[in-house]
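Every number here is computed from the coordinates shown, using simple stated rules; none is lab data. Since the model is a prediction, treat every value here as computed from it, not as a measurement. Cβ placement follows ideal geometry from the backbone for every residue including glycine, while neighbour counts extend to all protein chains displayed.
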Amino acid sequence: MKKLLIVIDMQNDFIDAALGTKEAVAIVEAVKEKIRSYPPENIIATMDTHGENYMETQEGKYLPVPHCIRGSEGWQIRADIAELLHGAKIYEKPTFGSTALAADLKDISEKEEIELELVGLCTDICVVSNALLLKAVMPEVKISVDAACCAGVTPEKHLAALETMRSCQVQVLNS
């Protein structure tokens, strides 16, 4: 069985820039430890990626804070995390969940038995979106989320997202 780590959106804008929170800053060391616990070839990452027209998009209308604009400092994966992701496959995603990531992992799961663990930001937006998307396309694959390596927009939304994932048979660790 191959266990894969999915590191969701550990980008500057979500940690300590445009949409950063103290909770996001607080998980950085735990995420780094988690990454170190996996073989490099078993790590995948995602990057929230928007264009200059972000404010004209549906997301921009609902969340009118420009963030993760391709090429900006805020778009970059935090440097101390990025150096641990050397060689990892990175998916740029224009929205909360990555359909490309889900399709690629589904293909892998059809060839070999896999297990997935998700960590990152934000629990209540991109982590939950990817966890549920992955569960929808691979209902028999064990999927877990490490709550100690995730942070939500608020602590309350973090807890609500963890409960939503539990309800959908995503295992929540360290909550």
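Computed from the alpha carbon atoms alone, the convex hull of segment 46-124 holds 118 Å³ per residue. Seen against the Cα atoms of the chain and their longest principal axis, helix 22-36 is set at about 40 degrees. Could you tell me whether the chain comes out rounded, prolate or oblate from its Cα gyration tensor? Rule is a ≥ b ≥ c as square roots of the eigenvalues, rounded for a/c under 1.5, then prolate if a/b exceeds b/c, otherwise oblate. It is rounded, given that a/c, with a ≥ b ≥ c, falls under 1.5.
With q set to 0.24 Å⁻¹, the log10 of I(q)/I(0) for segment 108-162, from the Debye formula over equal scatterers at the Cα positions, is -0.86. Rounded to the nearest 10 degrees, the inclination of helix 99-111 to the longest alpha-carbon principal axis of the chain is 10 degrees. Highest average first, the peptides 114-127, 158-171 ordered by how many other beta carbon atoms sit within 10 Å of their residues are 114-127, 158-171.
If only the Cβ of Lys and Arg carry +1 and only the Cβ of Asp and Glu carry -1, the dipole of the chain around its Cα centre is close to 240 debye. The H on the amide N of MET10, modeled in the peptide plane, is under 5 Å from the matching H of THR46, LEU121, each at least 5 residues off or on a different chain.
Across segment 79-175 the C-alpha pair distances fall into 5 Å bins from zero in the proportions 3, 13, 24, 24, 21, 12, 3, 0 percent. Segment 116-175 and segment 57-106 have Cα centres spaced 17 Å apart. Multiplying the residue separation of GLU112 and GLU140 by 0.36 nm and removing their Cα-Cα distance gives an extension gain of 8.8 nm.
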